[in-house]
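Enquirer: The structure's right below; bear with me while I get my questions together.
Please treat every number below as a calculation from the coordinates, not as lab data. This is a predicted model, so every value here is computed, not measured. FYI the Cβ positions are ideal-geometry reconstructions off the backbone, even for glycines, and counts take in every protein chain you see.
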């Protein structure tokens, strides 16, 4: 299994290419608009990009999923709660995409946005039951969690989304093994959180210890914590 991170500093944005040499299949997660690098790398590795996932709808940059659909013939996958003006595969909690030695399993993790998902990445050549990594989108960052106050224009309050975020973190992500690698969609400099680290990868165990938002607290305390002191939302 190949898992490659692409980090774009000007947007503090991370995207990912996951590949399987046996089936020559590649998946791109949260692509930036310029998709040439994914296509070039896939070709060099002898892979074809057959699927593209968005962990959520991105408000801070234009994603490249439509370009990958048009140029590579990739199928678009979104969380099952998403609505879009193009054809996509809705991914419900627990649903999987398996190709060769790779399995991707969807976790519905609303909170930053209602349709948000995280992706468990299994390297089946090493362990069929334990995930190698989790791609957390804007649900869980390194040293922070996704801000819940950006959907006011859609009629959702920060408190409602923060409650969903608490359930997603405690019900879906924190139960994962401590050595599960955490790959988020953003790093320091993004306005999608307020305390993001400059690190671009961590583990569930490290975040359990060092992430202020994952410390033991009630749901009410969590809601008050993550809704306070957010910088003003961009226009």
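Enquirer: Within segment 94-107, track down each residue that is under 14 Å from the mean Cα position of the chain (by Cα) and farther than 14 Å from residue 25 by Cβ. Can you show your working first?
Expert: Filtering segment 94-107 down to residues under 14 Å from the mean Cα position of the chain (by Cα) leaves 104-107.
Once the filter is applied, which keeps residues that are under 14 Å from the mean Cα position of the chain (by Cα) and farther than 14 Å from residue 25 by Cβ, segment 94-107 yields 105, 106, 107.
Enquirer: Next question. Here are some conditions: (1) surrounded by fewer than 20 Cβ atoms within 10 Å (Cβ to Cβ); (2) part of a strand (DSSP E or B). Residue 44 meets all but one. Which one does it not meet?
Expert: Of the numbered conditions (1) surrounded by fewer than 20 Cβ atoms within 10 Å (Cβ to Cβ); (2) part of a strand (DSSP E or B), the odd one out for residue 44 is (2).
Enquirer: Here's a follow-up. Of the residues that make up segment 15-27, is at least one part of a loop (DSSP other than H, G, I, E, B) and closer than 21 Å to residue 136 by Cα? Steps first, please.
Expert: First, pick out the residues of segment 15-27 that are part of a loop (DSSP other than H, G, I, E, B): 21-24.
Those left that are additionally closer than 21 Å to residue 136 by Cα: none.
Scanning segment 15-27 turns up no residue that is part of a loop (DSSP other than H, G, I, E, B) and closer than 21 Å to residue 136 by Cα.
Enquirer: Ok, one more. If you go through segment 157-177 one residue at a time, how many are in a loop (DSSP other than H, G, I, E, B), crowded, with 17+ Cβ neighbours inside 10 Å and more than 18 Å from the chain's Cα centre (by Cα)? Explain how you work it out, then say what you get.
Expert: Restricting attention to segment 157-177, the residues satisfying the condition of being in a loop (DSSP other than H, G, I, E, B) are 157, 174-177.
Add one more test, that the residue is crowded, with 17+ Cβ neighbours inside 10 Å, and what stays is 176.
From the residues that got through so far, the ones that are more than 18 Å from the chain's Cα centre (by Cα) too are none.
The number of residues fulfilling the criteria is 0.
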